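Okay, so here's the structure we're looking at.
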Amino acid sequence: MQAITAFFDLLRGVDALGVTTRLILAVIFGGIIGIERGRKRRPAGFRTYILVCLGASLAMCTGQYLFTVLGQTTDVSRLGAQVINGIGFLGAGTIIVTTRQQVKGLTTAAGLWASACMGLAIGAGYYECAIMAFLTIMVTITVLNYLERALTSRTHNMNVNVIITETACLPRVLDKLREMKIKIYDVEVTNVREFKEQSPNVVIEMRLPQRRPHIEIITTLAAIDGVISVEET
């Protein structure tokens, strides 16, 4: 353990070796997280995560350089604090509301913010924390993704988007849900331009009488005459 600590201490300085190590580590960690996001076709991918993590690390290195080398009487963490505030504009650009009233991009925005904070830790030379942060972020966006799906796939509450050919099909959808003893909380009908003409889009909030696989509900609704597609939100 002492050997590892001594090795990290060697790389904590603001000399060429320390700065190079930090920037390379920021590229590697940010790039790996970005690859995982890119594989899922998220708005921010490989290069975006690299630049965010690298920029945060560079800001922290610059703050340390101003204080340690140039002797500027300034707060070392001042530039880093601005990174945390400024990353909001990038995160906001990844959050969108689709025509089906779905909010997407929240995980990507949170990942960018976490990646920036990881970059600050790297830039400060806090390698132990940066490595643990990297591992934790990777577990969160990969392993916990499957756990979240498993936990939500059998919950009582369920929201679905149903695209139908015409509004006359809506009663058949609602009747089928009532036959399954499903309690309907809210129904919102909008028009979205798909399949060359406007098709009514129905957002249904409901509660199942008992825990059951949501895929069964989706399959049942998709089999109704006049239903084009069904998607859980």
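The values are calculated or read from the model by the stated rules, or taken from the named source; none is laboratory data. Because the structure is a prediction, the values reported are computed rather than measured. Backbone-built Cβ (ideal geometry, glycine too); neighbour counts: all protein chains shown. Areas reflect the complete protein model, heavy atoms only, side chains present, ligands, DNA and RNA absent. Shrake-Rupley method; radii C 1.70, N 1.55, O 1.52, S 1.80 Å.
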Worksheet item: Residue by residue, what Karplus-based ³J(HN,Hα) values in Hz, rounded to whole numbers, does the range 59-64 have, using 6.51, -1.76 and 1.60 with θ = phi - 60° and x for Gly and Pro?
Response: 4, 5, 4, 5, x, 5
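Sort LEU23, LEU58, LEU120 by accessible area with a 1.4 Å probe, largest first.
Working: LEU23 50, LEU58 90, LEU120 20 Å².
The residues order as LEU58, LEU23, LEU120, largest area first.
How much length is gained if the chain between ARG172 and ASP225 is pulled fully straight, taking 0.36 nm per residue apart and subtracting their Cα-Cα distance, in nm to one decimal?
Numbers: separation 53, 0.36 × 53 = 19.08 nm, distance 0.84 nm.
Separation in residues times 0.36 nm, less the Cα-Cα distance, equals 18.2 nm.
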Worksheet, complete the sentence: Here, ARG211 and LYS181, labelled 7 Å along Cα→Cβ, have an inter-label distance in nm of 1.7 nm
